Amino acid sequence: MRHEEVTDEAIVQRVQAGDTGAYETLIERHRESVFRIVARHVPRDRVAEVAHETFVSAYLSLAGFQPTHPFEHWLARIARRCCCDFWREREREREHTEEPDAAEDKRPRAAARAIDPRAGREAEQREARELLEWALARLPLDDRLVLALVYFDELSVKECALVLDWGESKVKVRALRARERLRRLLAGLAAEDGKRP
Amino acid sequence: MNEQSPSDDLEARLKEAWRQAPRAPVPAAWQAGVMRTIHVRARLSAVDPRLRFLHRTIWRGAAAAAAVALFAAGFALRGGTSAETELLRLLALDPQALFELVLVF
């Protein structure tokens, strides 16, 4: 029987019954989508590590998987949770070492006005990405997480609450506040650029 | 009027940048590495029940010993002079003996 003919749910059952090797099929099927999710949330050089953590964490949580929901959605939730854990861990390390994050202080090379639509598409995307990283690094951790999930990943409030393990009202309030902060940050940057000769 | 402010425009660009995040390739030996970890965790979880039992027993024993020691210390401080009080006082002064006694029971 070819792998494609076996459903994810059937493979999960096999793994739960002790066939650990069958888990490799799940990795093969979903690694690309996990890498895609993780690459949006964490620095490029840490993607493989967080994706690794995602699959190990999913394996250890298989008992909690409900076959009534697609495996892919469940795995995506775990991937996002691992990304949040990555930032929480980084925050703890930063508090411990008291060293400022380099990205936090460095003004983006291409700030507001410098994102020139006439520049090449690739350069424009790179500059926008730099600005995005700069802005997210300047937000408090919870704001960063909720903003990434609700505003950028466009998750529902309910799904975001499950990822962050928060109540839905907390997600709503924090998402609103985080977006306000981001807008203020961007407005400040745009104004600052406007003053430059 | 539906004109976008500079920060609205920036926000839209950031959203686009998020969506267009560059793809991270899966490293060659990555999957094998994940499977190695999975096999190790599977082996560990096979011995888990025994380890968990041992862990629980030790903690419960230590908690019971601490409770008895506190009780004994309180009793002894009240100035009791009977043989039981003396025994409790001695046990309170020797936590290891107390712990062994709890484990026997």
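The values are calculated or read from the model by the stated rules, or taken from the named source; none is laboratory data. Worth saying up front: this structure is predicted, and the values here are computed from it rather than measured. Every residue, glycine as well, gets a Cβ built from its backbone with ideal geometry; the counts of neighbours run over all protein chains shown. Note: areas computed on protein heavy atoms with side chains; ligands, DNA, RNA excluded. Shrake-Rupley method; radii C 1.70, N 1.55, O 1.52, S 1.80 Å.
Summary of values
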{"quantity": "Residue among A:187, A:161, A:148, A:178 that is within 14 Å of another protein chain (Cβ to nearest Cβ), of a type outside the set (Val, Ile, Thr), free of Cβ contacts under 8 Å to residues at least 12 places away in the same chain and open to solvent by less than 90 Å² (accessible area, probe 1.4 Å)", "calculated": "A:187"}
{"quantity": "Residue that is least open to solvent (accessible area, probe 1.4 Å), among those in region B:30-51 that are modelled with pLDDT of 95 or more and small (Gly, Ala, Ser)", "calculated": "B:33"}
{"quantity": "Qualifying residue in region A:65-75 (condition: crowded, with 17+ Cβ neighbours inside 10 Å, touching a residue at least 60 places away in the same chain (Cβ under 8 Å) and facing chain B (nearest Cβ under 10 Å))", "calculated": "no"}
{"quantity": "Conditions (1) within 14 Å of chain B (Cβ to nearest Cβ); (2) in contact (Cβ under 8 Å) with a residue 60 or more places away in the chain; (3) surrounded by fewer than 19 Cβ atoms within 10 Å (Cβ to Cβ): number failed by residue A:80", "calculated": "(3)"}
{"quantity": "Within region A:12-41, considering residues that are at the interface with chain B (Cβ under 7 Å from one of its Cβ atoms) and closer than 12 Å to residue A:62 by Cβ, the one most open to solvent (accessible area, probe 1.4 Å)", "calculated": "A:20"}
{"quantity": "Qualifying residue in region A:47-57 (condition: open to solvent by 10 Å² or more (accessible area, probe 1.4 Å) and more than 28 Å from residue B:43 (Cβ to Cβ))", "calculated": "no"}
{"quantity": "Qualifying residue in region A:46-59 (condition: among the small types (Gly, Ala, Ser) and away from every other protein chain (no Cβ under 11 Å))", "calculated": "no"}
{"quantity": "Wholly enclosed helices (runs of 4 or more DSSP H) of region A:85-197 bearing at least 1 residues at pLDDT 95 or above and under 21 Å from residue B:19 (Cα atoms)", "calculated": "A:141-146, A:157-164, A:168-195"}
